[in-house]
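Peer 1: Quick one: the structure is below, and I'll ask about it shortly.
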Amino acid sequence: MKMFVQPKNKLKRRVYNLIGFFFIANLARQEKAVKIFSRPTYGSLRPVVHAQTLKYNMKVRAGKGFTLEELKAAGIAKKLAPTVGISVDHRRKNRSLGGLQSNVQRLKTYKAKLVVSLADLAGDSTPEELANAIQVQGDYMPVAREKVAMELVKVTANMKPFKAYDKIRLERTNKRHAGVRAKRAADAEKEETACFLRH
């Protein structure tokens, strides 16, 4: 009996190539880390922004870059920012004071922990700080999503007969028919007034 083994052989080839790929990628990552020491390996610092559209706007995520207004409030020059690992997005606009303040605070925290090795930059570090500098591996200052604390209530005997689904459907129906019912009531009132005037 002859067996069709091509898919199995293909899978073997793919797995072999993937193992090689991950090994090469890991070596390249290590070489890059040595080359860019003492800069972080993860990339530039990014702002905390709210996701787009009504469906996702309660979710916070990392944005493309800090606005010029945020950089100015944090006391960082726009041309200096990319050189010290801060991403800049000149197109983004601040639409809320809370968002602006949180990103300015994020920049100030980063600035306080930053070790600058170039002598010509303002606020450069001491030789001791440079000697003790360690490279940040992985995500630096990740975006923390706050978990909303839910208040748990014990179900009482009065709550048990209440049917939430039925109530939601009833309110939905009431909302949908509100206009028609209001029109009917107005027409009935008009009719009643006309009958009263006739008599």
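The values are calculated or read from the model by the stated rules, or taken from the named source; none is laboratory data. Owing to the predicted nature of the structure, the values given are computational and were not obtained by experimental measurement. Cβ placement follows ideal geometry from the backbone for every residue including glycine, while neighbour counts extend to all protein chains displayed.
Peer 1: Under the condition of being modelled with pLDDT of 80 or more and touching a Phe, Trp or Tyr at 6+ places or on another chain (Cβ under 6 Å), which residue from region 13-71 is farthest from Gly98 (Cα to Cα)?
Peer 2: The residue in question is Leu45.
Peer 1: Also, I was wondering about something else. Could you check region 35-48 and list, in sequence order, the residues that are surrounded by 14 or more Cβ atoms within 10 Å (Cβ to Cβ) and assigned to a loop (DSSP other than H, G, I, E, B)?
Peer 2: Filtering region 35-48 for residues surrounded by 14 or more Cβ atoms within 10 Å (Cβ to Cβ) gives 39-42, 44-48.
Matches in region 35-48: Arg39, Pro40, Thr41, Tyr42, Ser44, Arg46, Pro47.
Peer 1: Going by what's in this entry, would Leu27 be described as over 30 Å from Val148 (Cα atoms) and among the aliphatic types (A, V, I, L, M)?
Peer 2: yes
Peer 1: Just for region 49-97: of the residues that are part of a helix (DSSP H, G or I) and touching a helix residue (DSSP H, G or I) at 6+ places or on another chain (Cβ under 8 Å), which one is surrounded by the most Cβ atoms within 10 Å (Cβ to Cβ)?
Peer 2: Glu70
Peer 1: If you go through region 110-166 one residue at a time, how many are among the hydroxyl-bearing types (Ser, Thr, Tyr), at pLDDT below 70 and touching a Pro at 6+ places or on another chain (Cβ under 7 Å)?
Peer 2: Kept after step one, since they are among the hydroxyl-bearing types (Ser, Thr, Tyr), are these residues of region 110-166: 110, 117, 125-126, 140, 156, 165.
After this cut, where a residue has to be at pLDDT below 70 as well, the list is 117, 125-126.
Add one more test, that the residue is touching a Pro at 6+ places or on another chain (Cβ under 7 Å), and what stays is none.
Here the count works out to 0.
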